[in-house]
1. Using amide H atoms built 1.01 Å from N in the peptide plane, name the residues 5+ places from Trp353, or on other chains, whose amide H lies under 5 Å from its own.
2. If neighbour count is taken as other Cβ atoms inside 10 Å, put Tyr60, Tyr366 in order from fewest to most.
3. Taking 0.36 nm per residue of separation and subtracting the Cα-Cα distance, what length does fully extending Arg163 through His378 add?
4. Can you bin region 101-196 into rounded, prolate or oblate? Criterion: square roots of the alpha carbon gyration tensor eigenvalues sorted a ≥ b ≥ c, rounded for a/c under 1.5, prolate for a/b above b/c, oblate for the rest.
5. In which sequence would Ile317, Ile346 go, from the one with the fewest C-beta neighbours within 10 Å to the one with the most?
6. Suppose the Debye formula is applied to equal point scatterers at every Cα of region 49-303; what is log10 I(q)/I(0) at q = 0.09, 0.11, 0.13, 0.15 Å⁻¹?
7. Once amide H atoms are placed 1.01 Å from N in the peptide plane, what residues at a sequence separation of 5 or more from Val18, or on another chain, have their amide H within under 5 Å of its amide H?
8. Can you tell which of Gly290, Leu301, Ala138 lies farthest toward the positive end of the dipole of region 49-303, using +1 and -1 charges on the Cβ of basic and acidic side chains (Lys, Arg; Asp, Glu)?
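Just so it is clear, none of the values below were taken in a lab; they were calculated from the coordinates. Quick caveat, the model's predicted, so the values are computed rather than measured. Don't worry about glycine lacking a Cβ; one is built from the backbone with ideal geometry, like all the others, and counts go over all protein chains shown.
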Amino acid sequence: MSVSIAAADQTVCAPLPVLGRDVTVPLVTGGEVTYAALDYAASAPALQRVWDDVAAYAPYYGSVHRGAGYLSQLSTDLFENSRKTVAEFLDCREGDQVVFTRSTTDSLNLLAATLPADCQVFVFETEHHASLLPWKDARVTYLNAPRSPRQAVETLERALADRDPYGPALVCVTGASNVTGELWPVRELAAAAHAHGARIVLDAAQLAPHHPVSVRDLDVDWVAFSGHKLYAPFGSGVLAGRSDWLREAEPYLAGGGASRKVSRRTDGGVDVEWHESAARHEAGSPNVIGVYSIASACKALTEAGFDTLVAREQHLIDTVRAGLAEVPEVRVLSLFGDEAPRVGVISFVVEGWNSSHFAAALSAEYGIGVRDGLFCAHPLVRTLLGSDPQTQGECGAPEAAPGEKSLNAIRVSFGAGTPDEHVERFVTAVRELVRDGAKWQYRTEDGRCVPAV
């Protein structure tokens, strides 16, 4: 996937307004500071636009589908129009279905439940657990971590060439790594999959908030993403793409809404006629608030313009990477190398520091929220660290002595709502912590490093 970056003089633009941008938090050293939310890869803050749209709709909230009242009719229209908005956001093809789920994890588990019998699944070990683990009822081939986009395509081609050419097959791949932020060659992987008679699903959880995603242009069969990473709260997700496997499979959940007709048989049993539309896999009362928030976020990002958003984010990425490069003790994790295009997700380790200790100090002493650990991508992080599964040590002592392998990593992530000041404060904090050490004492509590008060 190629990424074009605007010229430097085009990168200066304001961040999109998000909730929490003025929240202040206390510091253990005294005083308060505006919170720097730099954990977008886990959950991005809600766009103010999304919150305002939901608040405007809330008084008109009603049951979705089958309700005769005005508010039910309005809510149903809102729900189905949101489906159209998401389809447009993803540039879906005619005949593609948009199914609303709870999250990316839920979307991929839904797809896993629709796989034809004896389906082969090919997935790189570098995937997030949401796309690594759902395929338990299929024949799964786990592919080794590639060290370049070209190697990723070659690895997949070799694996597909050795498969049963007549059976169904599915490739699952991320669009952007939740650990390194690196963009994967989705279009090329899709071409390889189709050349060998396989289908492909794109995990766009980390890609969709940062770059435009076109199902048509990338030529993927399905795409999955979560609202809470797309600046939309309330716990909804999307699975969009080809309808045939979805239409032919048993409903993901059996219940009202998925069924078109239910009747008793003379033998006491029940006959069910299921819907063939997206409703087949949307049993129960839908999360209309969550669905509408996703549609609102899709509109907001589209109207802001991805060219502008990508250019500004690249400016933030360059700021963070340049700052970390000035600290010799910091090692940034990467599969594809320094020049690989990426989104605003950067993981690193600090020589001589326990990662939980470092993250705790960033929070308690600087008001900066990052993440530490293995990021629900254990095989990938351990491959990048060259470490075996082990238990994290006490946060008061270094995780790894100089020259030893680190066990966990630190992740900083940002996006459309991140002010320059937040990443600049982060870079300054890293430099000061490495140079001067923490100003406070810390202890381990329930497996987490926390300030000792």
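1. Glu399, Ala400
2. Tyr60, Tyr366
3. Full extension of this stretch gives 74.7 nm more.
4. Since a/c reaches 1.5 but b/c is at least a/b, the shape of region 101-196 is classed as oblate.
5. With the fewest neighbours first, Ile317, Ile346 line up as Ile317, Ile346.
6. -0.41, -0.60, -0.82, -1.04
7. Gln48
8. Looking along the dipole axis, the top candidate is Gly290.
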